[in-house]
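Worksheet for the structure shown next.
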Amino acid sequence: MKLWCATGNAGKLREFRRAAAQAGIDIDGIPNFRDIPECIEDGVTFTENAILKARHYAAYVPGPVFADDSGLVVDALDGAPGVYSARFAGPGATDEDNNRLLLERLRDINDRRARFVCVIALLDRGQIPGHGQIKATFEASVEGEILRAPRGPGGFGYDPLFYYAPYSCTFGEASEEQKLAVSHRGQAFRKMLASLAA
């Protein structure tokens with residue numbers, strides 16, 4: 001089986017491909033993704049944005065497409081950065097910009113509980129280009145806490161700040177296999193694969 005992944009994030013695509021390989025599923029990125037008009041992510045939830053992206057990019061592929069929306073939810077910040085995780089520090093923000101702003105916002109806060117959340121929307125393409133039906137959405141999360149300084153060269157996004165107690169390390173320090181086994185994205189993706197297998 002072949003699925004198309006609607007993301008321009010190389011880190012996400014790499015994680016999805018690694019998980020899919022274990023299930024014998026081929027994952028392709030959207031061809032010429034950078035040349036396609038960007039999807040306007042104006043949903044107020046991860047689910048809404050995942051569906052928006054799946055529907056938007058379905059016009060550019062010949063088969064089933066899935067899109068995820070994921071981010072960091074920090075209790076002490078009333079759920080921020082949430083759906084704005086990738087652009088927390090503004091349009092065009094880098095991972096370093098976002099991490100720096102997060103640490104600034106948490107500077108004097110001791111309650112640093114947080115979770116990564118991921119929602120994947122799977123769209124089963126119809127016969128008409130640009131049309132299709134959302135087959136299902138799959139949600140997962142993983143609990144952790146935000147450290148006061150980044151640790152580890154791995155992962156991407158907020159991974160170097162996200163401490164996962166069962167591993168006694170950040171997602172930036174964990175191996176890709178370790179992270180995939182427990183991460184929000186890995187869990188949601190495996191739910192989707194199980195649904196497809198059923």
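Observations on the structure shown:
- Selection of first residues in segment 147-160 that are at positive phi and of second residues that are part of a loop (DSSP other than H, G, I, E, B), restricted to Cβ pairs under 8 Å at least 6 apart or on distinct chains, gives the following pairs, ordered by first then second residue: Gly152/Phe171; Gly152/Gly172; Gly152/Glu173; Gly152/Ala174; Gly155/Phe171; Gly155/Gly172; Gly155/Ala174.
- For segment 67-88, the set of residues classified as open to solvent by less than 50 Å² (accessible area, probe 1.4 Å), of a type outside the set (Phe, Trp, Tyr) and in a loop (DSSP other than H, G, I, E, B) consists of Gly79, Ala80, listed by residue number.
- Failed item, numbered, when Gln133 is tested on (1) of a type outside the set (Val, Ile, Thr); (2) closer than 26 Å to Pro64 by Cβ; (3) in contact with an Asp or Glu (Cβ under 7 Å, 6 or more places away or on another chain); (4) in contact (Cβ under 8 Å) with a residue 60 or more places away in the chain: (4)
- Qualifying positions in segment 109-127 - at pLDDT 95 or above, among the charged types (D, E, K, R) and open to solvent by 30 Å² or more (accessible area, probe 1.4 Å): Asp111, Arg113, Arg115
- Filtering segment 174-186 to residues that are surrounded by fewer than 20 Cβ atoms within 10 Å (Cβ to Cβ) and not in a helix (DSSP H, G or I) leaves only Ser175.
- Filtering Gly92, Gly154 for residues that are open to solvent by 20 Å² or more (accessible area, probe 1.4 Å) and under 30 Å from Lys2 (Cβ atoms) leaves a single hit, Gly154.
- Listed by first and then second residue, the pairs with beta-carbon distance under 8 Å, at least 6 apart or on different chains, first residue in segment 7-31 and without any contact (Cβ under 8 Å) to a residue 60 or more places away in the chain, second open to solvent by less than 60 Å² (accessible area, probe 1.4 Å) and assigned to a helix (DSSP H, G or I), are Gly8/Phe33; Asp26/Ala20; Ile27/Leu13; Ile27/Phe16; Ile27/Ala20; Gly29/Leu13; Ile30/Tyr57.
- In segment 145-171, residue modelled with the lowest pLDDT [restricted to those that are closer than 30 Å to Leu196 by Cα and in contact with a Lys or Arg (Cβ under 7 Å, 6 or more places away or on another chain)]: Gly155
- Scanning segment 44-63 for residues that are without any contact (Cβ under 8 Å) to a residue 40 or more places away in the chain and of a type in the set (A, V, I, L, M, F, W, C) gives Val44, Leu52.
- Qualifying residue in segment 57-66 (condition: surrounded by fewer than 22 Cβ atoms within 10 Å (Cβ to Cβ), under 17 Å from Leu122 (Cβ atoms), within 17 Å of the chain's Cα centre (by Cα) and not β-branched (Val, Ile, Thr)): no
- Scanning segment 41-56 for residues that are charged (D, E, K, R) and over 16 Å from Cys118 (Cα atoms), we see that the one that is most open to solvent (accessible area, probe 1.4 Å) is Arg55.
The values are calculated or read from the model by the stated rules, or taken from the named source; none is laboratory data. This structure is a prediction, so every number in the text was calculated from the model and none was measured. FYI the Cβ positions are ideal-geometry reconstructions off the backbone, even for glycines, and counts take in every protein chain you see. Calculation scope for accessible area: heavy atoms of the full protein, side chains included, ligands and nucleic acids excluded. Shrake-Rupley method; radii C 1.70, N 1.55, O 1.52, S 1.80 Å.
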